[in-house]
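The structure appears below as structure tokens.
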Amino acid sequence: MDKYTLLPEQLLYEGTLTAAQFFTAQPLTEEAILRTHTQAYWEKLRDGGLSRKEARAIGFPMRPELVARGRVIAQGTLDCARFAFRDGVALNVAGGTHHSFADHGEGFCVFNDIAIAANELLSTGEVKNVLIVDLDVHQGNGTARIFREEPRVFTFSMHGARNYPARKEKSDLDIGLPDQTGDELYLTTLHNHLPGLLDGLRPDLVFYLSGVDVLATDKLGRLAMSLQGCRERDRYVLENCRSRNVPVAVAMGGGYSDRLATIIEAHANTYRVAAGLYD
Ligand SMILES: [Zn+2]
């Protein structure tokens, strides 16, 4: 959990961002939650009514603070999308909780922030179609399931084929990578798919889930990417969006390297790349 405070501190300390470039999100409204999550699941979260089994699937003891935190994070991703309409890019220092389904959470994910933001923007008419580029090493199973029947949202997940979740959902495009995939194969695979998706779909908005659990040092990752390769991945995604004038909202996703400094460095790289590409 330390990364959520250390990352903004690092970005301010090194001068990649100024304090004026940060925003603080308010808690998401109940109405917005219910565009994505079921009434029954929301009521269990709100009233502390999850069973032990349901809480265990999420992975930590459920407390009111965690529900409140999840609401702020999800609103942060929605706010990022709206800032991206104005500025081209905006990044959430948390979020990317893609293992959350409409009616339950798992894998440390309570609310599905990107699904909530996408559904909200579709319902208000702010966007007509959305591309989700999920490059966290774990498949975006909750997101895939939520949008399985939604033609306006294209879900693209590139992930470790043998990694969690054992039972994958069906995204619009799934690329399962073998264990120990390194920079070269990873980046070639990304190059083979991303430009075609952007040109074919012409989305009004991209959500980019920039998990850094693709690193070789990651305890849960099983891939073999370097810090430099991960940074190049971020640069490639953002540059392809920027050159087509497609706004991109970034949510950070996972990162579980042994050394906290490695995690912060990899996440900070996403911001450094964005700061370099966008004025
Ligand atoms: Zn992950």
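Going out from 0 in 5 Å bins, what whole percent of all Cα-Cα distances in the stretch 125-220 drops into each bin?
2, 14, 24, 25, 19, 10, 5, 1, 0
Of the cross-linked pairs Lys53/Lys128; Lys128/Lys170; Lys3/Lys128, which ones have a Cα-Cα span greater than 28 Å in the structure shown?
On the way: Lys53/Lys128 38 Å; Lys128/Lys170 22 Å; Lys3/Lys128 34 Å.
Pairs exceeding 28 Å: Lys53/Lys128; Lys3/Lys128.
If you add up the charges near Gly221, with Lys and Arg at +1 and Asp and Glu at -1, over every other residue whose beta carbon is less than 12 angstrom from its beta carbon, what do you get? Could the numbers behind the result be given before it?
Details: positive: Arg162, Lys219, Arg222; negative: Asp136, Asp179, Asp213, Asp218, Asp258.
Summing Lys/Arg as +1 and Asp/Glu as -1 gives -2.
For the pair Ala275/Ala19, report the inter-label distance in nm, with labels modelled 7 Å from Cα in the Cβ direction.
In this crude label model, Ala275 to Ala19 measures out at 1.6 nm.
Please give the calculated 222 nm ellipticity per residue for the chain, where each DSSP H segment of at least 4 residues contributes -39500 (n - 2.57) and the sum is spread over every residue; nearest 500 deg cm²/dmol? Present the calculation step by step, with values, prior to reporting the outcome.
Values: 10 runs with 128 residues, N = 279.
Helices in the chain give a 222 nm mean residue ellipticity of -14500 deg cm²/dmol.
Among Ser51, Ser171, Ser210, Ser226, rank each residue by its count of other Cβ atoms within 10 Å, from fewest to most, as a rough exposure measure.
On the way: Ser51 9, Ser171 23, Ser210 30, Ser226 15.
Ascending number of Cβ neighbours within 10 Å: Ser51, Ser226, Ser171, Ser210.
Dividing the Cα convex hull volume of the chain by residue count, how many Å³ per residue is that? Mind showing how you got there, number by number?
Working: hull volume 32.6 nm³, N = 279.
Value for the chain: 117 Å³ per residue.
Could you calculate the FRET efficiency of Leu66 with Glu43 from 1/(1 + (r/R0)^6), where r is the beta carbon distance between them and R0 is 25 Å, rounded to 0.05? Please list the in-between numbers first.
Working: r = 16 Å, r/R0 = 0.64.
It comes to 0.95.
Using Cα springs under 10 Å in a Gaussian network model of the chain, which residue among Gly176, Gly196, Gly160 shows the largest mean-square fluctuation?
Gly196
What percent do you get for the relative contact order of the chain when only Cα pairs under 8 Å and 6+ apart count? Present the calculation step by step, with values, prior to reporting the outcome.
Details: 538 pairs, mean separation 55.6, N = 279.
In percent, rounded to a whole number, it is 20.
Projected onto the charge dipole of the chain (+1 at Lys/Arg Cβ, -1 at Asp/Glu Cβ, origin at the Cα centre), which of Thr143, Gly211, Gln10 gives the Cα projection farthest towards the positive end?
With unit charges placed on the Cβ atoms, the residue in question is Thr143.
Tell me, rounded to the nearest percent, the portion of alpha carbon pairs in the stretch 65-201 spaced more than 20 Å apart.
Details: 4446 of 9316 pairs.
Tail fraction, whole percent: 48.
Which of the trypsin sites (Lys or Arg not before Pro) found in the stretch 163-239 are loop residues per DSSP with 13 or fewer other Cβ atoms within 10 Å of their Cβ? Could the numbers behind the result be given before it?
Working: sites: Arg167, Lys168, Lys170, Lys219, Arg222, Arg231, Arg233, Arg235; in loops: Arg167, Lys168, Lys170, Lys219, Arg222.
Passing sites in the stretch 163-239 are Arg167, Lys170, Lys219.
Where a number appears in this text, it was derived from the coordinates with a stated rule and is not lab data. No experiment lies behind these values; they were computed from the predicted model shown. Here the Cβ is made from the backbone with ideal geometry for all residues, glycine too, and neighbour counts use every protein chain on show.
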